[in-house]
Amino acid sequence: MGRLPFAAPLGGALARLGLGPRALVIAIPTVWLLVFFLIPFVVVAKISLSEVAIARPPYLPLWEWQDGILSLSLNFGNYLFLASDPLYYSAFLESLTIAGFSTLFALLIGYPMAYMIARAPGGMRNILLMLVILPFWSSFLLRVYAWIGILKTNGVINHALMSIGLIDEPIVMMQTDFAVYVGI
């Protein structure tokens, strides 16, 4: 197997550090996660623990050096406000409930589908896999509008149920927990 020409200097540098070429494979995603996940997370955490100030930046520093002594001032008021306000508390619990049920539904639907695809004959396996992947190629907005057309009071489901005589008037499905679960 040939080597890439640009890899030689990098390989030499890694060898001097006592690291093999596999270290580069691990280092690139690690640096990516540090730069685009951990650093923004730390910045947001720092802002959330700071005092609000009418200035630029709009918060006071968390730590200061005064006479060679580090003074740390953490403000947990934002978190206490979130924990004590019933609006945020109920919204948080509702979000956790939706996340839990969505995970459960995804597992209940996904595992049997994956098992069926894995046990299908070779040619059929590719078709079934394509049917699973195909919706992800469309835009998220397009899928949302499709669900709206299906779930609204004069949508496909209500029209089908009324035409076969199962219901006399449309069922309200939009702006309900059911619609949220279906959308997720």
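Okay, here's what the table says:
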item	result
Selection from region 120-140 of residues that are part of a loop (DSSP other than H, G, I, E, B) and loosely packed, with under 10 Cβ neighbours inside 10 Å	P121, S139
Test result for I157, exposed (fewer than 12 other Cβ atoms within 10 Å of the Cβ), without any contact (Cβ under 8 Å) to a residue 40 or more places away in the chain, part of a helix (DSSP H, G or I) and not small (G, A, S)	no
Residue check for I150: in a helix (DSSP H, G or I) and in the same structural domain as S95 (by the TED database)	yes
Any hit, region 109-119, residues being closer than 16 Å to G183 by Cβ, assigned by the TED database to the domain that holds Q175 and in a helix (DSSP H, G or I)	yes
Test for F92: is it surrounded by 11 or more Cβ atoms within 10 Å (Cβ to Cβ), of a type in the set (F, W, Y), outside the structural domain of V44 (by the TED database) and over 30 Å from I47 (Cβ atoms)	no
Region 33-81, residues that are basic (K, R) and either surrounded by 11 or more Cβ atoms within 10 Å (Cβ to Cβ) or in a helix (DSSP H, G or I) (or both)	K46
Cβ pairs under 7 Å, 6+ apart, first in region 161-184 and free of Cβ contacts under 8 Å to residues at least 40 places away in the same chain, second among the hydrophobic types (A, V, I, L, M, F, W, C) and assigned to a loop (DSSP other than H, G, I, E, B)	L161/I167; A179/M173
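The values are calculated or read from the model by the stated rules, or taken from the named source; none is laboratory data. Please read these numbers as outputs of a predicted model, since none were measured by experiment. Positions of Cβ are backbone-derived with ideal geometry, glycine not excepted, and every protein chain shown enters the neighbour counts.
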